[in-house]
1. Compute the signed sum of charges (Lys and Arg +1, Asp and Glu -1) over the other residues within less than 9 Å, Cβ to Cβ, of A:S616.
2. Fewest Cβ neighbours within 10 Å first, please rank A:F756, A:F805, A:F910 accordingly.
3. Given the peptides A:278-290, A:320-332, arrange them by the average over their residues of other C-beta atoms within 10 Å, most packed first.
4. Quote to one decimal, in nm, the extra length available between A:A486 and A:E21 on full extension: 0.36 nm per residue of separation minus the C-alpha distance between them.
5. Show the residues, 5+ positions off or on another chain, whose built amide H is closer than 5 Å to the amide H of A:V797.
6. To the nearest 20 debye, what is the magnitude of the charge dipole of region A:483-624 about its Cα centre, counting +1 on the Cβ of each Lys and Arg and -1 on the Cβ of each Asp and Glu?
7. Relative to the longest principal axis of the C-alpha atoms of chain A, give the angle of the C-alpha long axis of helix A:779-796, reported between 0 and 90° and rounded to the nearest 10°.
8. Would you calculate the separation in nanometres between label points at A:Q912 and A:S966, each defined as 7 Å from the Cα along the Cα-to-beta-carbon direction?
Amino acid sequence: MSSRRQYPFHLIEPKWQQAWEQQQAFRAFNPGEEIPASHAFAQRHNLSGKADAAKLPPKFYILDMFPYPSGAGLHVGHPEGYTATDILARYRRACGFNVLHPMGWDSFGLPAEQYAVKTGQHPRVTTEANIANFTRQIKSLGFSYDWSREVATTDPEYFRWTQWIFLKLYNSYFDTGKNCARPISELIANRKPQIANESAESLRTFVDSKRLAYVSEAPVNWCPELGTVLANEEVIDGKSEVGGFPVIRRPMRQWMLRITAYAEKLLVDLDTIDWSDSLKEMQRNWIGRSEGAEVDFQVVGHAAKIRVFTTRPDTLFGATYMVLSPEHKLVEDICTWDYPAGTPKEWIVDEKMGPAIAADFFKLWLDLYQGKKAAVAARTAVEAYRGFAATKSDLERTELAKEKTGVFTGAYAINPVNGEKIPIWIADYVLASYGTGAIMAVPAHDERDFEFAKKFNLEIKPVVASPLPRVRDFGSPPDSMISVVADGKATPAFVWFDCFVGEGFSVNSVNTEVSLNGLPTAEAKNKITAWLEAKGLGKKTINYKLRDWLFSRQRYWGEPFPIVWKRDAGGNLFHEALPESALPLLPPALDDYKPTADGQPPLARAKDWLTLPDSSTRETNTMPQWAGSCWYYLRYLDAKNAQSFVGKEAENYWMGTAGRESRGESRGPDSAPASTLDPRLSTPGVDLYVGGTEHAVLHLLYARFWHKVLFDLGHVSTPEPFFKLVNQGLILGEDGQKMSKSRGNVVNPDDILAEFGADAFRLYEMFMGPLQDTKPWNTKGVEGVYRFLGRVWRLFVDEKSETAFEQAETTTEAQRHGELLDLIVMDGAIQEITATPAQLKTLHACIKKVTEDLDGMRFNTAISAMMVFVNEAMTWQSKPLPVMKTFLQLLAPFAPHLAEELWARLHGTFGQTASSLAYAPWPKFDPALLVENEIEIPVQVNGKLRDVLRVPADVDNVTLEAAAKSSEKVKPFLDGKTIRKVVVVPKKLVNIVAS
RNA sequence: GCCGGUGUGGCGAAAUGGCAGACGCACAGGACUUAAAAUCCUGGGACUGUAACAAGUCGUGCGGGUUCGAGUCCCGCCACCGGCACCA
C-alpha cells in the first residue's frame, strides 16, 4: 500500500512482543511454584515466593483448540478463535484472575507422513519446520500465551503419557454395577472366588472381553488409497473424510475403545455443561439413545430364538415377517436347505442384485431369474446374497439404498403375541451393528418395512389407528374410520390403507391374555412390554447408535501401541501390555514409510524393532490423531511433569475447585453470575474452550470419554473437561465462498500483518460480526479498523512530534528506528485535570458497554462502543489524563501493542511509573455518572411515531401524557378522533390510541 | 426425510416487546492541498411530494395471529447454511 502508515505499528508491535517475552508477562503460576517478586502478577496480587492454591487468585482456564501445524501455515480462520480467547484472557487477567492460556500442536497427522512416503524425509523434520512457522505466525499476533507450557503431541515426553493413558484404558473395565471404570485387577479379584481353578487361557479370554481397550476382528472401514482403516466418524458418504477416497468394508484385526460403555454418561452429562444447543444436539444424535424392548421369536422347527430390538413393541401384533442382517450369526443355522413348496420366485431372486452377485452363483441365479430353472436351494440364494452384501462398499450401499434388496431364508418364526408363522428374511437394510442385528418387520407402521413388504408382496397388517385422517392423496377417503374407546370415551380414529408411522391407538392387537386395543401408543408399549417380561419373552431395553471407537491406524506417524503379541503353550496368540517403565515407546527409524508389500503397516518394516528378545512381536498399528488431542488440555496444567501426566495439585487448582472453599466460594455452574467483574466466576474444568464446529462429534466426544475414564479412575477431579464451549464461525473468502487454494481466495495473515499490523488484524477479526457466525473476509474492513487505531493514536500523540518522527525515519537506518519512537510526544491537550460530567459520561458509557460485551463475548459491539468514544473524544479541547488512561485499559485486550505503547508514554510524560498494563485492574463504571438530566420520549399515535419530546429525566407519567397530547406535531393526528387509550411507559414512550 | 441454525440498506452488521439500520465498509458532496493521497466535516432505506423545505406512505424472507405497539412472541410456509441419514 502506498498510503501513509496510520501509526508506527511496525516498531511498536515487535517492541512489546519482545518486552512481554522478556518479562515472561503471561506466565501462569501453578500452586507451589516460585513466583518472582518482580513479576507484574506478583505485584498485582501481593504475592511472591511459593503460593498454595488458597493464596493464589481464582483460576480462569481459557483454551483454544490447538492446530495441526500444516505446511500451508496459518490462514485467517485460525486467529479468529485465538483472538477472541486472547482478548478474554487479557480481560480476565485485568479482572484479577490467574489466567491459564496455553498453546500447543496437534502434530501427528497424515500430510507429514504422505510427504515422507514421497521424499523419504522423516515426518519429524517436516513437522518441526511447520511448528516453527506456526509459532512465528502466532507470536506475531501478540497473543498472551504462556509459552512455557507449550506441548506437541509428537514429542516423546508428551506421547509417553498418551501411551500411559492407553494402558489405563487397557487395564480397566466398565463396572456396570458401580457405573464407572475400575481396574482390571478388581475384575480378576471378583472372578477368582466364583470360578475355581479357571485356566489361564479362559481367564484371559474373559478379561480381554471386558477391557476398555480391546481387539476386535469385526469388519472395518478400509481405505485402500490411504492404506489405513478409519473410524465410522471419519467416513462421510462412504468416502474418507480426509481426501474423499472410497472406503470399503473389510474384516481386520483392530484395536477398539469401549466408548459405548459411556454412552449414557456422555449423554446425560451434556446437561451439566454450557455448550450451544446445536452442538449438544449433534452429540445427542450421534449417541442416538432409543428406548424400546428386546423380544425373542422362536424359529419354527429349530432350537434357536431370534432376538430383535424394537422401539415400537406396541406394534408387535403387526409383525408379519422378520429380517436378519446378512452378517447375523444365526443365518447359517436357520437357513433351510430347500425352499418350502410354493415360495414365490420373487422371494429368491432380485434383479437389482443380479450383476453384483459373486460369479459362482450368478449363473444358477440367472437361470432361476429367467425361468430356466424351477427351484434353487435356499442356502445357495442366502449365500449369494451374503456375498453380494459383503462386497458392497459403504458408498455402494448408499447408492443402492433407493431400492431395498433381500432374500427369504426358507425359515419361519413364531410371532410370540399371536402365534402366527412369519417368514424370516435376510436383507442389508438391517444393520448388523445396531441393536441385535435383527428386526421384526411391521410394514403397516414402518416405512422401510413397508417399502420392502410392497416389493416382495408381504402381508401388511395395520395395528395402530391414526388420530387423524390421511392428508396425502387428498380426495381419496381414509382407509376406514373406526371408533376407539380411550379414557372411557369413544374417539374417532383412522386405520390407514398403507403406512402410518406416528403414534395413535392400538387396534387388532389382542390375544387370549392381553389386549392393547384402544390404548394410546405410550400405554400400549408399557402394557405389552410388561406382558412380555412376565412371560419371559422379552424386556425393556435401551439402545445407542454410538459404536465403539476404532482406535488403530496402519500408519507410521502416530503413537505406537505399548503392546506386544505372544503365543501361549497351546499356540494361541495373545496380547500383553508393556510395563509403564517401557514408555515412551518410540517408533522405529525407517527409510521407507509405505505399508509393506503384503499390506502390513509401515512399522512392520522395522524388523529389529518388531521382534523382542523373548520372540514376542510388537503391535504394528499406531494410534489415530485423535489420541493426542484427547488430553492435551490436561498436560498444559503441568507440562513439564516427568513423574505424572499431570500433578495432582496443579490438576486440582486449574480444573477443580481447590482453594475455593478456603476463599469461601461455593459457586457451582448453575448459580447466576454475581457480577461481571466478580473474580469468582471460574468454574470446574476448562472455563472456556473455543474452536471450530468440525470437531463437534469427533474430538469433543472422544476427549469427554477419556476424561470420564480418568475421572472414574481418580486421575482427574471433574467428570467433564470443558465447562463452556463456543464454536467460532467460518471465515469465507472475499467472494463469499469457502476459502480454498483452488478458488484462489485464501487470505494470508502475514500479508495483512505487514500492511496493517497485528492490532488492526485482531480488531478486524472481532469487528466482522458475532464470533459464532459465518462471515466473509473483506480487506477494506481491515482498513476501517486500521483507521480507527490511527485515530486513537492521533487522539494521544502530538502531531508535530509525529511529523518529526516520520522525517527522522526517512533519514535514519532501519536498525535504529526503534529509538526514534522516543521523538513521539503526547498531545498537550492531555492534562492532569478533572473531567467534565459529559466526558465522564462518555467514558463510563464505554466502560459499561465494553465490560458487558466482553462478558457476553460480543466483541464487535464492544469495538463499536470504543469507536463511539473516540469519535466523541476527538472533539474535546482538553483531555483529562485519568479518562484517557482508562480508555487505554479498555482498548488493551483488543489492541494490546498500541495500548501498551500509549500507556507507557502517557505515564512517562507525567513522570509516573507505568506498571504493566496487562495486570492493571479493570475499570469499573459508575452508574451515577450515566444518569441523564433530560431524556427524549417518542410519542406515537396508533403505534406510529409522530413526535419526540425532550423532558426532564424525572418526569412523571401524568406530565408526560399531558405533554404528549399537547404536542403540535401530534395534534393533527388526533383531530376528529376519540382517544381510546393512552399507554405511558414510564420514562420511555407514550402511545395514544385514537379512532 | 429428520435435527439445529440463519434470513434486516449496495456490503459487514446493531437493536431487555417501545424512535429499525448504532458502529464500520463502499459511495457522494465539501474543507485542506498547485494537485493527489492521507486527514477532517457533511449526507444518505425505498417511494410519493416540494423550487427547496415541510409532509406523507411503505419498509427487517413470505402469509396469518397475539399486543396499545412485533425485526423481536405464536402458528403456517419459502430459501439458504450446518449436522445426521435404512439406527428398527
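None of the figures in this text is laboratory data; all of them are computed from the coordinates on show. Quick caveat: nothing in here was measured; it's all calculated off a predicted structure. Cβ atoms come from the backbone with ideal geometry, glycine included; neighbour counts cover every protein chain shown.
1. On the way: positive: A:K566, A:R567, A:R618; negative: A:E576, A:D614.
The answer is +1.
2. Least to most surrounded, the residues fall as A:F910, A:F805, A:F756.
3. Top of the packing list down: A:320-332, A:278-290.
4. 159.8 nm
5. Answer set, sorted by chain and number: A:D827.
6. So the magnitude is around 260 debye.
7. Taking Cα atoms only, the helix is inclined about 30 degrees.
8. Roughly 5.0 nm, to one decimal.
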